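Each value in this text was obtained by applying a stated rule to the coordinates, not by laboratory testing. Bear in mind that the values here come from a model prediction, so they are computed numbers and not experimental data. We place every Cβ from the backbone using ideal geometry, glycine too, and count neighbours over all the protein chains shown.
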Amino acid sequence: MMDFDVIVIGAGPAGMFAAIYASDFANVCILERNSVLGKKLSISGSGRCNLASSVDGQDFLARFGERGRFLKPSLYVMPFAKIEAFFSERGLPLKEEGERVFPVSERAGDVVSVLNNELLRKGVSVFTDAFVRDISLSGSGGFVLQTSQGRFDSKAVVLATGGATYSNTGSDGNGYRLAIRSGHSITRLVPALSALKCAQDTSLLKGITLKDVVVRYGKKRARGAVIFTHFGISGPVIHNICADVLEKNIRTIYLDLLPDLGEDELFSGMSQEGSKRPANRLKRFLPKNLARYVEKSASANLKVMAGVAKSLPLTVIGSLPFDYAMATRGGVVLNEVYAKTLMSKKVPGLFFAGEILDIDGPTGGYNIEAAICMGVNAGRFAGMFAGGVVDG
């Protein structure tokens, strides 16, 4: 049996930051099921690690929708300026590319190395290949964890096990099982930041990219780049709406392929083209295969083609599996957790941080930054709780 004040389960960004900041107040260990720390973080951003967004404050929170209110206390504790300072002071300056933030080195492994070194410097005990099988309350009011490396006891636990995506990195949903075992509820889980499968045959459109499309889904609209695939549609704007579409069981989405051109203006432009074939008249505005797809959908009628190009319907039949999604929508119900401290309302001493919670944001570093903020906040309060500084 091994005894620690605080045990952090999971060594992603939320878990590592939780362990680092908990160690200011208590004796801490981190349990990671993989043989290395930060496995998913090391491949994020195609290996470049888009670890934050330069958008800050209320604008940052707004990108998470209604769930953003839950993040507010954590963002206050660890705003972007403090994240930037944390890495810069440890020899890894950051740079901005638009709203996206990367390490200047453009190596995700450097981010993981900084966190590994900080864990070592702060005296955090690290156990790899440590799979947590069960969690229960001890007779003394603390926690007992049964793991692949034996029994661990603690006064506080931080669950930072991630979601259900990229299971080969360790995020296979085991944290949800541990949360349920502790008396918590889990919302419906759906892939987030993923591509959508469509009923229509889009194989001839594979690889076509449009930089500016308006997508209408239910009562909402989103604008950005789309990429057609052999199974449906992808691209940044599709990734950002994927979870909403799946969560709300929206069956049809509509694409305005030419958002800066009115329908009448498009019809007039096609009417003035000299070619007899309708698709060739549309080629002035859209890629050839997409023009032919619209022609076929509109029975070669110019007026109808203009309408289809401005509101192309696609029937959603699902998304790529969890292992191809960048994030998970769903998780531990937020109203079961105190936003200020990230401690469970049901089990004193149990804290949550990161993707295990029912909170997810768009592409652009938002989810990693949110995980960092929550990790810092949960770690601080878990350390203080274990050290008797606060009672939660």
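Label points 7 Å out from Cα along the Cβ direction at R67 and T209: separation in nm?
Going from the R67 label point to the T209 one covers 2.8 nm.
How much of the DSSP beta bridge set in the chain is antiparallel, as a percent to the nearest 5?
Of those bridges, close to 70 percent are antiparallel.
Taking 0.36 nm per intervening residue step and subtracting the Cα-Cα distance, what contour gain separates R133 from L261 on full extension?
Extra length available between R133 and L261 comes to 40.4 nm.
Counting only complete DSSP H runs, which helices of the chain cover 27 Å or more along their long axis at the Cα atoms and score a mean Kyte-Doolittle of 0.0 or above?
Span-like helices in the chain: 366-386.
To make sure I understand, if each residue's beta carbon is the centre and we count other beta carbons within 10 Å, what order do E66, E32, E118 fall in, fewest to most?
In order of increasing Cβ crowding within 10 Å: E66, E118, E32.
Quick one: which residues, 5+ away or cross-chain, put their amide H under 5 Å from the amide H of V158? H built at 1.01 Å from N.
Result for V158 returns I7, V8, I9, F351.
Return the FRET efficiency for the residue pair K276, R223: r is the Cβ-Cβ distance, R0 is 35 Å, and the value is rounded to the nearest 0.05.
0.55
Applying 1/(1 + (r/R0)^6) with R0 = 41 Å to the Cβ-Cβ distance of R151 and D201, what FRET efficiency is obtained, to the nearest 0.05?
0.15
So I have [x] 46, 20, 17; [y] 53, 29, 20; [z] 34, 25, 23, and one of them is semi-axes √(5λ) of the Cα gyration tensor in Å calculated from this model. Which one is it?
Only one listed value fits the structure, namely [x].
How do 13-26, 271-284 rank on mean C-beta neighbours within 10 Å, highest first?
Per-residue Cβ counts within 10 Å, averaged per peptide and sorted highest first, yield 13-26, 271-284.
Quick one: if you stick a label point 7 Å off each Cα along the C-beta vector at K95 and E247, how many nm between them?
Label at K95, label at E247, 3.5 nm between them.
Out of residues 5 or more away from C198 or on other chains, whose amide H comes under 5 Å of its own, with H placed 1.01 Å from N in the peptide plane?
Counting only residues 5 or more places away or on other chains, the set is G232, I233, I317.
Based on DSSP H runs of at least 4 residues, each adding -39500 (n - 2.57), what is the mean residue ellipticity at 222 nm of the chain after dividing by all its residues, to the nearest 500 deg cm²/dmol?
-9500 deg cm²/dmol
Under a plain spin-label model, where a point goes 7 Å from the Cα along Cα-to-Cβ, how far apart in nm are S268 and R188?
The modelled label-to-label distance comes out at 4.5 nm.
Rounded to the nearest 0.05, what FRET efficiency do S88 and K122 give with R0 = 22 Å and r taken as the Cβ-Cβ distance? Could you check?
0.75
For region 141-225, which trypsin sites (Lys or Arg not before Pro) are in a loop by DSSP, counting at most 15 other Cβ atoms within 10 Å?
Sparse-neighbourhood loop trypsin sites (Lys or Arg not before Pro): R188, K206, K219.
Return the whole-Å distance between the Cα centroid of region 93-160 and the Cα centroid of region 284-312.
Between the Cα centres of region 93-160 and region 284-312 lies a distance of 52 Å.
With a ≥ b ≥ c taken as the square roots of the eigenvalues of the C-alpha gyration tensor of region 256-392, please select rounded if a/c is under 1.5 and otherwise prolate if a/b is larger than b/c or oblate if it is not?
Prolate, since a/c reaches 1.5 and a/b exceeds b/c.
Return, ordered by residue number, the residues of region 26-55 whose backbone nitrogen is under 14 Å from a label point located 7 Å along Cα→Cβ of R107.
Answer for region 26-55: 42-43, 47-49.
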